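Reviewing the structure listed below.
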Amino acid sequence: MVEVIFLGTSEATPSAERNQLAMLLKYKNDNILIDCGECIQRQFKIAKLNPLKITRILITHWHGDHVLGLPGLLQTIALNNYSKTLKIYGPKGTKQFVKLLLKTFIFQEKIKVEINEITKDGVIIDSKDFYVKAFKMKHTAPCLAYRFVEKDMRKIDIAFIKKAGLKPGPLLGKLQQGKAITFQGKKIKAREATKIKKGKKVTFIMDTLFNKNCFKAAKDSDLLVSEAVFLESEHIDKARERKHLTAKQAATIAKKSKTKKLILTHISQRYSKNPKVILNEAKKTFKVSELAEDFMRIIL
Ligand SMILES: [Zn+2]
Ligand SMILES: [Zn+2]
């Protein structure tokens, strides 16, 4: 099960309804925070989540609305005997910026941090059950999109096993590893006795100009979380100038990449009274679109 929790959904400044940007992806023992806007700690409290369970932080870029929560969060982690090594990933500049933060704020306790600075597209985390790929975006600061991919799993076909008379044990283990077995003198191939369960894919595309890498990052996603700061119908020029996506562009990425569901976030103050206009524009291109709200949870 992959769960995504929205802990902040606003652009630039927090509003009464929306905190600055942050999302938490929960998968097995990993709690991956994607961006870390201001007031993140209160958002954790309200959502009844424990920040000490964070295992990794993925930073899309170093604009304030995506990282202003970092010093406070790091201090809390340091104060609470966090025994793990906190793994931080981000674009060019991340090493210098994290080191500066750790130097600028006088944390009373030490915290073990591993900083991974990503300068090219590719796999940045390769775990037993999942991997994460980063893709360079085009923004006014070095920026990355992230693609989380749960690895495919081979599951035992219970009906087949029952019929064949196989019992739990090492033979089933071999089948699950994709190996053929011999049972009562008969050869059984893994593909006869097992089924492949496709892993889930979740993509996060934050601040960027519409570009080819968006499609690569989002390919076949079960869930695409994308920024949508402007309406194409009103501000396509501003979107190009400030290097952001419009709602229509986010929907086009979802559609062409064969994404199953799109969630629009990074909602501008401009539309705070009526954010539905963002959703309506996206829906004209891609029906399965939804507007992010703080504390919204999506389970895949
Ligand atoms: Zn930005
Ligand atoms: Zn932003």
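Only the coordinates and a few stated rules stand behind these numbers; no lab work does. Quantities reported herein were computed from a predicted structural model and do not represent experimental measurements. Note: ideal-geometry Cβ built from the backbone for every residue, glycine included; neighbour counts use all protein chains shown.
A few remarks follow.
- Relative contact order (%) - criterion: Cα under 8 Å, at least six apart; region: the stretch 169-300: 20 percent
- For q = 0.08, 0.11, 0.12, 0.16 Å⁻¹, Debye-computed log10 I/I(0) when each Cα of the chain counts as one equal scatterer: -0.40, -0.69, -0.79, -1.21
- With a cut-off of 10 Å between beta carbons, the residues surrounding ARG18 carry a summed charge of -4, where Lys and Arg count +1 and Asp and Glu -1.
- Gyration tensor (alpha-carbon) shape descriptor, the stretch 135-203, a/c threshold 1.5: prolate
- Net length gained if the chain between LYS273 and THR85 were fully extended (0.36 nm per residue, minus Cα distance): 63.5 nm
- Cleavage-rule hits, GluC sites (Glu not before Pro), the stretch 1-97, DSSP coil, Cβ neighbours within 10 Å at most 13: GLU17
- Net charge of neighbours whose Cβ lies under 13 Å from the Cβ of ALA164, counting Lys and Arg as +1 and Asp and Glu as -1: +4
- Taking amide hydrogens as placed 1.01 Å from N in the peptide plane, the amide H of VAL2 sits under 5 Å from those of LEU300, each at least 5 positions away in sequence or on another chain.
- Taking 1.306 mPa s as the viscosity and 10 °C as the temperature, the Stokes-Einstein diffusion coefficient of the stretch 45-131 based on its alpha-carbon Kirkwood radius rounds to 113 µm²/s.
- For the stretch 157-237, averaging the sequence separation of C-alpha pairs within contact (under 8 Å, six or more residues apart) and dividing by the residue count gives a relative contact order of 21 percent.
- The stretch 287-300 - phi-based ³J(HN,Hα) in whole Hz, Karplus 6.51/-1.76/1.60, Gly and Pro as x: 5, 7, 10, 9, 9, 6, 10, 4, 6, 5, 10, 10, 10, 10
- Average projection area in nm² (convex hull over Cα atoms of the stretch 98-179, one quarter of hull surface): 10.3 nm²
- Relative contact order for the stretch 112-181, counting Cα pairs under 8 Å that sit 6 or more residues apart, in percent: 18 percent
- For GLY122, neighbours were defined as the other residues whose beta-carbon sits under 12 Å from its Cβ, and their charges (Lys and Arg +1, Asp and Glu -1) total +3.
- In Hz, Karplus ³J(HN,Hα) per residue of the stretch 36-51 (6.51, -1.76, 1.60; θ = phi - 60°; x = Gly, Pro): 8, x, 3, 6, 4, 5, 5, 4, 4, 4, 4, 7, 6, 10, 9, x
- Computed per residue of the chain from DSSP H runs no shorter than four, each worth -39500 (n - 2.57), the mean residue ellipticity at 222 nm is -8000 deg cm²/dmol.
- Hydrodynamic radius of the stretch 232-288 per Kirkwood, over alpha carbon pairs, in Å: 11.6 Å
- Antiparallel content of DSSP bridges confined to the chain, in %, to 5: 60 percent
- Here the spin labels are modelled as points 7 Å beyond Cα on the Cα-Cβ line, and at LYS195 and LEU172 they lie 1.6 nm apart.
- Cα pair distances in the stretch 203-251, grouped into 5 Å bins until the bin that holds the longest one, percent each: 5, 24, 34, 20, 12, 4, 0
- For the stretch 1-104, taking the reciprocal of the average inverse distance between every pair of different Cα atoms yields a Kirkwood hydrodynamic radius of 13.8 Å.
- Residues whose amide H falls under 5 Å from that of ILE124, counting only those 5 or more places apart or on a different chain, are VAL132, LYS133, ALA134, with hydrogens built in the peptide plane.
- When the P(r) of the stretch 166-291 is calculated, the portion above 24 Å amounts to 43% of the C-alpha pairs.
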